[in-house]
Amino acid sequence: MTDIAIVSYAQAPMVRDAGCANEVELIMPVINEALQACGLARTDIDFVCSGSADYLQGAPFAFVAGVDALGAFPPIKESHVEMDAAWALYECYLKMLAGDIDSALIYGFGKSSPGNLPEVLSLQLDPYYLQPLCPDSVSLAALQARAMLDAGRCTREQMNEVVINSRRQAQKNPRAQLRKPVSQEQLQAEVDWIAPLKKSDCCPISDGASALVICRESQAREMGLPYARVVGMDHRIESHMLGFRDLTDSPSARNAAKSAGLHNNIEAAELHAPFSHQEILLRQSLGLSENVDINPSGGALAGNVMMAAGLDRIGSMAAAILRGDYKFGLAHATSGPCLQQNLVTILEAA
Amino acid sequence: MTDTLNELPPLTQDFELGFTYTRSLGPVLSRFLTGLRDGQVLAARTRAGTLLVPPPEFEPVSGASIKELEPVAAEGTVLSWCWVSQPSSSAPLNKPFAWVLVRFEGCDGAMLHALAADAKEQVHTGMRVRVRWAPERVGNVKDIACFEVHKQ
Amino acid sequence: MSSNPNESAGPVTMMQAPLYLQYRFTAGTSSLSFLHAIKRGRLIGRRCPGCESVYIPCRGSCARCGVATCDNIELTDEGVIDKFTVVHIPIPNNPIKPPFVVAHIRLNGADNAFHHLIGEVDNDKVKLGMKVKAVWRPESEWDYGLDNIRYFKPLGGEHD
């Protein structure tokens, strides 16, 4: 148990192409919204950390240009991770635990529309054995889906159920990108994309940005702010060699969840599963019961802003707790091919 | 001056980013890729006696340095696969193909590569495949042009 | 084992790993007014509603205040040299032959500076604070870019 409070979360609408919005124009509205929602001024924030990857839009130093959205004068303390902003939150979490800071602003942004995202993501692979072959992210996920199906860890119908649930939940989320309901019959009739995956099994390509504010519980109480308490956070990784992993299991997610304080009273989970079979894999690996409400925001299948989607899982779960929907929640973020890196956050109502 | 931003048409520009990296290989990768150039698949021998392809630089569980590599047969078994019906220009094959994870004969671990096949129906988990060597080899994972069906 | 003519060559110690990615860039909203204006030979910046600083080209925010810039401001093509350097190193594919001067130009009325070239003056006569004026390409060559200006030259008079 920590004394870290999530007091604010803002998310831009997730769209296929943000068009004439540069990184500053994507980031600034959500930062201002997140700060205004909790009433903290820029000068009250001890530390800012962001997550983004310049390869997505092909703009070197876009992550530096993004700082123009912060009003970084007089100079601020600021950091960046070339990962999903969930890991930027993790950096802030560690600095809070170490006593270095008492509050932080975290933001993530991704503009994937200028490039060919599934191919750009091959840049995150091992550069000797994998990257020269340029395997795209959907193909690698499809290998994992086949392994799941072959091993009897999921069925085609269960994968369809994941998609149906995502669309159903996303109808409550005005910022979701894919919200059109689908039926088991429609999904069964859909043609293969990269077999065994169909397009509906894959997250959409999304542009967007998100921001989140944390502070000490004592400060949140003094200011009369509603908040969700961070019980714990941890992350683990699998081998970077895909052929040396059991693709049907996620020991890294399980270990991270255990270390973060996973318990039996979890009522809802936001799982960062960019592909339908990965939601089933994560549910199994984390041992979540049938009663746990999965992805009340619609999850990554309803919109997946690279470098913000993991933070969105945490922000969405915190927001659901603040709304009073749940008392205990789990949020998971992933990075890399086939759920290579997994970060789990356990949250609870204050 | 009045702000007429909403009336301005968007401006776009196509561009290419190129990275002309040359990577140094280190002792394990150097030997493995030299092997591929010479038409030979080399496996890492772990201290427990198992063989791993592709050879990692360190043993996955113990973290011990890999010291020994030895040749294995250039054939194996498909552990998982997916079917690419519309290959992109960067794909290893320019007609529909399968990505496969292949476990080499007598080895642990699996290697990712392309499998040449005429149709999805020819591919299944557990099928036997063998290496199809590239006609010109330079010391790169693409010295394996792809895998092909191994009819015994 | 298959035969290979390279087999007698030494061990492979390096690997070529070239990589090419295609993108389509779309200009940001606040860049649009600048780009459309410079196509017509005019210079448009934007103003911060808080501190009233003027930025050209503008990326949509006041980096000091962290707020969105608002109205467009037209500026002249005259300013001062904020910083400069003399480049002696040839840059591959750059048609400009060294030595040449690259400067940060702050236009009159602007609070930031942008990169450009300095011409029509000996390199060793360039000074900080020197007043300069744009030398434009012929109108027929104008496109959506700052290179519609060929370079900046010293304003006649005080430095001659």
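The values are calculated or read from the model by the stated rules, or taken from the named source; none is laboratory data. Just so it is clear, the model here is predicted, and its values are computed rather than measured. So basically every Cβ, Gly included, is an ideal-geometry build from the backbone, and we count neighbours across all protein chains shown.
At a glance:
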{"item": "Boolean, A:S276 is of a type in the set (S, T, Y) and assigned by TED's automatic domain parsing to the domain that holds A:M307", "result": "yes"}
{"item": "Condition broken by B:E7, with the remaining ones in (1) modelled with pLDDT under 95; (2) farther than 19 Å from B:H113 by Cβ; (3) surrounded by 14 or more Cβ atoms within 10 Å (Cβ to Cβ) satisfied", "result": "(3)"}
{"item": "Selection from the stretch A:112-136 of residues that are more than 8 Å from chain B (Cβ to nearest Cβ), within 22 Å of the chain's Cα centre (by Cα) and in a loop (DSSP other than H, G, I, E, B)", "result": "A:S112, A:S113, A:P114, A:G115, A:L125"}
{"item": "Residue in the stretch C:14-29 that is facing another protein chain (nearest Cβ under 7 Å), touching a strand residue (DSSP E or B) at 6+ places or on another chain (Cβ under 9 Å) and of a type in the set (K, R) present", "result": "yes"}
{"item": "Condition check for A:G66: within 15 Å of A:L212 (Cβ to Cβ), surrounded by 19 or more Cβ atoms within 10 Å (Cβ to Cβ) and small (G, A, S)", "result": "no"}
{"item": "Subset of the stretch C:47-56 that is within 12 Å of chain A (Cβ to nearest Cβ) and in contact (Cβ under 8 Å) with a residue 24 or more places away in the chain - its residue that is surrounded by the most Cβ atoms within 10 Å (Cβ to Cβ)", "result": "C:Y55"}
{"item": "Any hit, the stretch C:131-152, residues being surrounded by fewer than 16 Cβ atoms within 10 Å (Cβ to Cβ), of a type outside the set (K, R) and part of a strand (DSSP E or B)", "result": "yes"}
{"item": "In the stretch A:233-268, the residues that are touching a residue at least 60 places away in the same chain (Cβ under 8 Å) and within 12 Å of chain B (Cβ to nearest Cβ)", "result": "A:E238, A:H240, A:M241, A:L242, A:R245, A:L247, A:T248"}
{"item": "Identity of the residue in the stretch B:39-72, in contact (Cβ under 8 Å) with a residue 40 or more places away in the chain and within 14 Å of chain C (Cβ to nearest Cβ), that ends up surrounded by the fewest Cβ atoms within 10 Å (Cβ to Cβ)", "result": "B:G39"}
{"item": "Residues within the stretch A:192-215 that are basic (K, R) and buried (at least 18 other Cβ atoms within 10 Å of the Cβ), tallied", "result": "1"}
{"item": "Scan of the stretch B:18-38 for residues that are surrounded by fewer than 20 Cβ atoms within 10 Å (Cβ to Cβ) and assigned to a loop (DSSP other than H, G, I, E, B), ordered by number", "result": "B:L25"}
{"item": "Hits in the stretch A:293-318 - residues which are out of contact with any helix residue (DSSP H, G or I) (no Cβ under 8 Å at 6 or more places or on another chain) and surrounded by fewer than 22 Cβ atoms within 10 Å (Cβ to Cβ)", "result": "A:D293"}
{"item": "Residues of the stretch A:165-202 satisfying the condition of being within 14 Å of chain B (Cβ to nearest Cβ) and within 18 Å of A:V305 (Cα to Cα)", "result": "A:K199, A:D201, A:C202"}
{"item": "Selection count, the stretch C:57-89, where residues are touching a residue at least 12 places away in the same chain (Cβ under 8 Å), farther than 13 Å from C:V132 by Cβ and either in contact with a Pro (Cβ under 6 Å, 6 or more places away or on another chain) or in a loop (DSSP other than H, G, I, E, B) (or both)", "result": "11"}
{"item": "Residues that are out of contact with any Cys (no Cβ under 7 Å at 6 or more places or on another chain) and either closer than 14 Å to A:L311 by Cβ or outside the structural domain of A:Y107 (by TED's automatic domain parsing) (or both), drawn from the stretch A:5-25", "result": "A:I6, A:Y9, A:A10, A:Q11, A:A12, A:M14"}
{"item": "Sole residue being away from chain A (no Cβ under 14 Å) and in contact with a helix residue (DSSP H, G or I) (Cβ under 6 Å, 6 or more places away or on another chain), chosen from C:I118, C:I38, C:I89, C:I81", "result": "C:I38"}
{"item": "Condition met for B:E75 (surrounded by fewer than 18 Cβ atoms within 10 Å (Cβ to Cβ), under 16 Å from the mean Cα position of the chain (by Cα) and within 21 Å of A:F244 (Cβ to Cβ))", "result": "yes"}
{"item": "Qualifying residue in the stretch A:326-334 (condition: assigned by TED's automatic domain parsing to the domain that holds A:S259, free of Cβ contacts under 8 Å to residues at least 24 places away in the same chain and charged (D, E, K, R))", "result": "no"}
{"item": "Single residue of the stretch A:137-160 satisfying the filter (in contact (Cβ under 8 Å) with a residue 24 or more places away in the chain and at the interface with chain B (Cβ under 7 Å from one of its Cβ atoms)) that is surrounded by the most Cβ atoms within 10 Å (Cβ to Cβ)", "result": "A:A142"}
{"item": "Condition met for A:Q36 (within 23 Å of C:V67 (Cβ to Cβ) and among the polar types (S, T, N, Q))", "result": "yes"}
{"item": "Exclusive hit being touching a His at 6+ places or on another chain (Cβ under 6 Å), crowded, with 21+ Cβ neighbours inside 10 Å and either without any contact (Cβ under 8 Å) to a residue 12 or more places away in the chain or closer than 15 Å to A:I214 by Cβ (or both), set A:S8, A:S50", "result": "A:S50"}
{"item": "Hits in the stretch A:16-56 (condition: at the interface with chain C (Cβ under 7 Å from one of its Cβ atoms) and more than 26 Å from A:L94 (Cβ to Cβ))", "result": "A:G19, A:C20, A:A21, A:N22, A:V24, A:E25, A:M28"}
{"item": "Lone unmet requirement of (1) β-branched (V, I, T); (2) assigned by TED's automatic domain parsing to the domain that holds C:G45; (3) surrounded by fewer than 18 Cβ atoms within 10 Å (Cβ to Cβ) for C:T69", "result": "(3)"}
{"item": "Residue satisfying condition, being closer than 19 Å to A:N342 by Cα and surrounded by fewer than 22 Cβ atoms within 10 Å (Cβ to Cβ), within set A:L94, A:L40", "result": "A:L94"}
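This table checks each residue for (1) of a type in the set (S, T, N, Q); (2) outside the structural domain of A:R16 (by TED's automatic domain parsing).
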{"position": "A:A104", "(1), (2)": "no, no"}
{"position": "A:S122", "(1), (2)": "yes, yes"}
{"position": "A:Y128", "(1), (2)": "no, yes"}
{"position": "A:P135", "(1), (2)": "no, yes"}
{"position": "A:V138", "(1), (2)": "no, yes"}
{"position": "A:M159", "(1), (2)": "no, yes"}
